[in-house]
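Engineer: One structure, as structure tokens, below. Some questions next.
The values are calculated or read from the model by the stated rules, or taken from the named source; none is laboratory data. Everything quoted here is computed from the prediction, not taken from an experiment. Cβ atoms come from the backbone with ideal geometry, glycine included; neighbour counts cover every protein chain shown. Each accessible area value is taken on the protein alone, full model and side chains, heavy atoms only, with ligands, DNA and RNA left out. Shrake-Rupley method; radii C 1.70, N 1.55, O 1.52, S 1.80 Å.
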Amino acid sequence: IVDVSAPDTGVRILRPGHIQASDIERVLGESVQQGALTAAAQATSVHPPVPRVSGSLKAHYAPRTPLYLFERDALSTLLKENNNQSIAIVSCGALNEHSDNDTKRTAQALSSATSQLIHYEAMPAEPSPYASQLYATLRRLDRRGFDALWFERPPQDLAWAGVNDRLSRAAAAFS
């Protein structure tokens, strides 16, 4: 979501998404600011320092079920430490792709698991299809009554900024 309402602060991205700042800059022919205004800019701005866009509060996307983010290489350790909680594990792409041997063994164990405590599914490994499935996946898993939802942290680059923003907000209430 882009704010173009304040000429004194220029064009500003209020919430990252699939369209990158460089794409917007190319169309507008001017630079684009990212993130919230500084306190000094808010003090001199005609706009009040309240959320200007839906989804900008820290825990806006939070499900009722506790959601935690994990790094792929930590999954086997997390599973060993699971204390009989029913969990849904959601990876960014298939676990057996681009993984170390320990994670590949974990993926094989998850795919053959018959335990009712662990549910596993893979989200797309590309940002756009991942983003289009994220809310439906969150809501569906939230309704299933798991003790926790574990989402693998996607890559930390600009293409994934929108997805990372949504996941961080969904996990914020539980961290």
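Engineer: Could you state how much accessible area SER86 has, in square angstrom rounded to the nearest 10, with a 1.4 Å probe and all protein chains kept in place?
Structural biologist: SER86 has an accessible surface of roughly 20 Å² with all protein chains in place.
Engineer: Could you sort LEU79, LEU117, LEU28 by accessible area so the largest value comes first, with the probe set to 1.4 Å?
Structural biologist: Working: LEU79 40, LEU117 60, LEU28 85 Å².
Order by accessible area, largest first: LEU28, LEU117, LEU79.
Engineer: While we're looking at this one, here's another question. Compute the distance in nm between two label points, each set 7 Å from the Cα along the Cα-to-Cβ direction, one at VAL4 and one at PHE174.
Structural biologist: Those two pseudo-labels are separated by 3.9 nm.
Engineer: Now, a different point. To the nearest 10 square angstrom, what accessible area does ASP165 show with a 1.4 Å probe?
Structural biologist: 30 Å²
Engineer: THR137: accessible area at probe 1.4 Å, nearest 10 Å²?
Structural biologist: 10 Å²
Engineer: Taking the Cβ-Cβ separation of ALA159 and ASN83 as r and a Förster radius of 30 Å, what is the calculated FRET efficiency to the nearest 0.05?
Structural biologist: Once the sixth-power term is evaluated, E becomes 0.25.
Engineer: Turning to a different aspect of this structure: Around TYR120, which amide H atoms from residues at least 5 apart in sequence, or from another chain, sit under 5 Å from its own amide H, with H modelled in the peptide plane?
Structural biologist: ILE89
Engineer: I'm a student and want to see the number: the projected area of the Cα convex hull of segment 113-175, averaged over all directions, in nm². Walk me through the numbers before you get to the answer.
Structural biologist: On the way: hull surface 19.2 nm².
Computing the convex hull of the Cα atoms and averaging its projections yields 4.8 nm².
Engineer: At a 1.4 Å probe radius, which order do ILE1, ILE89 fall into by accessible area, largest first?
Structural biologist: ILE1, ILE89
Engineer: A follow-up question, please. I want the local charge near LEU149. Using Cβ-Cβ distances under 15 Å, sum +1 for each Lys or Arg and -1 for each Asp or Glu among the other residues.
Structural biologist: Numbers: positive: ARG64, ARG139, ARG140, ARG143, ARG144, ARG153, ARG166, ARG169; negative: GLU121, ASP142, ASP147, GLU152.
Net charge around LEU149: +4.
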